[in-house]
There are 2 protein chains.
Amino acid sequence: MLNFKILTTSGNARSGIIKLNNFFVKTPIFMPVGTYGSVKAISPLELIEMKYNIILNNSFHLWMRPGLDVISKFGGLHKFINWNRLILTDSGGFQVFSLSKRNKITEKGIYFFSPINGDKLFLSPEISMKIQKILNSDIVMQLDECTPYKIYNRILSENEVENSMKMSLRWAQRSKEEFYKINNKNSLFCIVQGGMFKNLRDESLEKLKEIGFDGFAIGGLSVGEPKKKMIKILQYIGPKLPIDKPHYLMGAGTPEDIIMAVSNGIDMFDCIIPTRNARNGLLFTNFGNIKIKNARYKFDKNPLDYSCNCYTCKNFSRSYLHYLHRKGEILGSRLNTIHNLYYYFQLMRKIRLSINNNIFEKFVKDFCENRKYENKF
Amino acid sequence: MLNFKILTTSGNARSGIIKLNNFFVKTPIFMPVGTYGSVKAISPLELIEMKYNIILNNSFHLWMRPGLDVISKFGGLHKFINWNRLILTDSGGFQVFSLSKRNKITEKGIYFFSPINGDKLFLSPEISMKIQKILNSDIVMQLDECTPYKIYNRILSENEVENSMKMSLRWAQRSKEEFYKINNKNSLFCIVQGGMFKNLRDESLEKLKEIGFDGFAIGGLSVGEPKKKMIKILQYIGPKLPIDKPHYLMGAGTPEDIIMAVSNGIDMFDCIIPTRNARNGLLFTNFGNIKIKNARYKFDKNPLDYSCNCYTCKNFSRSYLHYLHRKGEILGSRLNTIHNLYYYFQLMRKIRLSINNNIFEKFVKDFCENRKYENKF
């Protein structure tokens, strides 16, 4: 049973606390992504040391491998991956759309071919709920269709977006019914769709509120649309989400994206950016980003960021990280990932503190000022 | 200044203690290999948690990259890689022989082409000493020629082996002279050569004793000769090494090799086997080896080894390790490496304890009995 309480607000930004299955999660929160049941390069112990207590895992990948037979033998994902804190899983739909070349979407569900062995497979709201029950996710996501912005370089019409959004609504209803039917005692989030159309976003949100969920996510953003349109929709729908439920922006984002979204009422985030960028040698600091492979770091005895207290910054120089990255040493990926995830946790902590102390606006201004030398990626 | 004291002996096996630069190393000891200045997949903190306090780094690799200019800026390797315990470095000679396609060995030294950029380079006893001074290794190895067993499938004649061994002796003398000339306050080890010829091994050892070194290594073994010959030479020369100096068998080996060598008076070991095998999914346990990729482990909820107290065995199942290995997840390499290095440390600890308690022979018997199901590799 998910319990959510707002502590303070600052404009549309909210600082709150989620209580779920004996854990407390302070919001706004960032959830590291552990696609295959491991946050890449990082151990569960390191995540705990950084004070993370919720991660995201991908249902689709885990369904494919190791498979539900393995995970059910462990009574769920927590024991299999040795993570006894909270887990949010997605529905699997997004990966079916993006990873399986041939898929067919019907009212009933999605037919597709396994990217592992070509088997014909089927995913429906009911099946997604069953998968997430076996995974024993603390937060289950409804199955939805992530409405694209363009298909074959053609922007979708309002009618097309409406049809997609309405099917997602029916899938939301079916997800909820199945969730209760199989007696899942965890929590279920819905996903607001409607593309770039405010009226459709409104309609989606209203219906989802009627059905009733433990949390509200915004989907169908960052799907190829111009950034301005994305921000417009977020500014429009973010503040309209039910005040007493957690708001989750799926798949976002850069530090700047997160701050913008928090300003518009978002409480929860997940993104591969800190972990993937770390492995690629792009490191976040309070004073701009660092591309560690650059020759300028070859002799640099400084830590990545003097103001950072992570294991990497406390013990290693840019010179050594530069060297490890160039040599492709695993330790380089590890130290970089520790730094970026630490950075993200501290970013969220500072956001929470600034909201609690009613200085969020000033924080945003200072933050952007300090990071203005950022290398865009 | 290296200080070595024997605590107990059991037959030819010795338990002792090395005191060097404010650290104590209990022997027999295994030194993890950190080729590029990082023990692959492992952080310095994890090594310390496993109680390792000496590692081996490769001079040649570090000379090539990041280069001596970088390392000298840090005042040596310890600060560059953040390892404040002991470091032994090899002379660089072995890699020049094995990694550079074209090299020319002369009395003066070895001419070769850089594997990085094709530059013409030169390594001599004097240059090796200078490199290891810059690295600030606690234990410096003389430059020698690692006499091969065969060249182009032809076994070397006694005369050829003798010439090679005698040049290594002259290089030992030059190494020592240079070591003192550049005022190196650390310790210098020599390397006994002589191939499969007992008389040549004797001659090498006698001359090296005359020159005088802080420790004695055995080189030119495991270079392609039949295992029986290797054991014969080790049994012959191991017990003859100076009783009051540490004895080091370079590049060995499997747990079984190590036990055999300890029985013949060896005190120090280094080998890539535990780390490389870990990344390849071959794991050592007290009850035989495990190839974690095997399908039989897919559903196996047991730890690798119930009798092991490492982080991996205390927290993760064979099933999860099997899955991580198959997915090529970095965490798999990490957890496997932690286990194997922990296993090796515990192996050495048990060897020491059994010598101290005068039950070494019984230990060897029980050990081999328990591991008889080992999959040979």
- Cβ pairs under 9 Å, 6+ apart or interchain, first in the range A:224-236 and among the β-branched types (Val, Ile, Thr), second assigned to a helix (DSSP H, G or I), ordered by first then second residue, are A:Ile231/A:Met260; A:Ile233/A:Lys198; A:Ile233/A:Arg201
- Item | Candidate set from the range B:1-46 (those that are aromatic (Phe, Trp, Tyr) and modelled with pLDDT of 95 or more); member that is least open to solvent (accessible area, probe 1.4 Å) | B:Phe30
- Note on the structure: Of B:Ile105, B:Ile110, the only residue that is aliphatic (A, V, I, L, M) and open to solvent by less than 10 Å² (accessible area, probe 1.4 Å) is B:Ile110
- Just to be sure, is A:Arg371 within 24 Å of A:Val33 (Cβ to Cβ), under 24 Å from the mean Cα position of the chain (by Cα) and either open to solvent by 30 Å² or more (accessible area, probe 1.4 Å) or within 11 Å of chain B (Cβ to nearest Cβ) (or both)? no
- When residues of the range A:311-324 are limited to those that are buried (at least 22 other Cβ atoms within 10 Å of the Cβ) and not hydrophobic (A, V, I, L, M, F, W, C), the one farthest from the other protein chains (Cβ to nearest Cβ): A:Arg318
- Would you mind stating whether A:Tyr297 is within 30 Å of A:Ala13 (Cα to Cα) and more than 10 Å from chain B (Cβ to nearest Cβ)? no
- In the list B:Gly281, B:Gly251, which residue meets the criterion of being more than 12 Å from every other protein chain (Cβ to nearest Cβ), open to solvent by less than 20 Å² (accessible area, probe 1.4 Å) and not aromatic (Phe, Trp, Tyr)? B:Gly281
- Message: Just checking, does the range B:300-310 include any residue being under 20 Å from B:Glu369 (Cβ atoms), aliphatic (A, V, I, L, M) and within 14 Å of another protein chain (Cβ to nearest Cβ)?
- Response: yes
- When you go through A:Lys166, A:Lys198 one by one, which is the residue that is touching a residue at least 12 places away in the same chain (Cβ under 8 Å) and either open to solvent by less than 10 Å² (accessible area, probe 1.4 Å) or not small (Gly, Ala, Ser) (or both)? A:Lys198
- Task: Give the residue, chosen from B:Arg334, B:Arg349, that is farther than 30 Å from B:Glu206 by Cβ, open to solvent by 20 Å² or more (accessible area, probe 1.4 Å) and outside the structural domain of B:Pro28 (by TED's automatic domain parsing).
- Result: B:Arg349
- Message: So A:Ser263 passes all but one of these: (1) of a type outside the set (Val, Ile, Thr); (2) crowded, with 23+ Cβ neighbours inside 10 Å; (3) more than 14 Å from chain B (Cβ to nearest Cβ). Which condition number does it fail?
- Response: (2)
- Task: Output yes when any residue across the range B:75-98 is buried (at least 22 other Cβ atoms within 10 Å of the Cβ), in a loop (DSSP other than H, G, I, E, B), among the polar types (S, T, N, Q) and away from chain A (no Cβ under 14 Å), and no when none is.
- Result: yes
- Sort out which residues of the range A:237-263 are without any contact (Cβ under 8 Å) to a residue 60 or more places away in the chain and more than 13 Å from the chain's Cα centre (by Cα), and write them in order of number. A:Ile237, A:Lys240, A:Leu241, A:Pro242, A:Met260
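Per-residue answers, yes or no, for (1) in contact with a Cys (Cβ under 9 Å, 6 or more places away or on another chain); (2) modelled with pLDDT of 95 or more; (3) open to solvent by 10 Å² or more (accessible area, probe 1.4 Å):
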site: A:Glu203; (1), (2), (3): no, yes, yes
site: A:Asp267; (1), (2), (3): no, yes, no
site: A:Arg276; (1), (2), (3): no, yes, yes
site: A:Phe287; (1), (2), (3): no, no, yes
- Which members of the range A:121-161 meet the condition of being open to solvent by 70 Å² or more (accessible area, probe 1.4 Å), over 21 Å from the mean Cα position of the chain (by Cα) and in contact (Cβ under 8 Å) with a residue 24 or more places away in the chain? A:Lys130, A:Lys150, A:Glu158
- Of residues in the range B:44-74 being assigned to a loop (DSSP other than H, G, I, E, B) and either charged (D, E, K, R) or more than 19 Å from the chain's Cα centre (by Cα) (or both), the one farthest from the other protein chains (Cβ to nearest Cβ): B:Lys51
- Query: Assuming A:Ala261 fulfils every condition listed in (1) in contact with a Lys or Arg (Cβ under 7 Å, 6 or more places away or on another chain); (2) under 17 Å from A:Phe189 (Cβ atoms); (3) part of a helix (DSSP H, G or I) apart from one, which condition is it?
  - Reply: (1)
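The values are calculated or read from the model by the stated rules, or taken from the named source; none is laboratory data. Being a predicted model, the structure only gives us computed values, none of them experimental. Ideal geometry is used to build each Cβ from the backbone, glycine not excepted, and the neighbour counts take in all protein chains shown. For the accessible areas, the whole protein counts, side chains as well, though only heavy atoms, and no ligand, DNA or RNA atoms are used. Shrake-Rupley method; radii C 1.70, N 1.55, O 1.52, S 1.80 Å.
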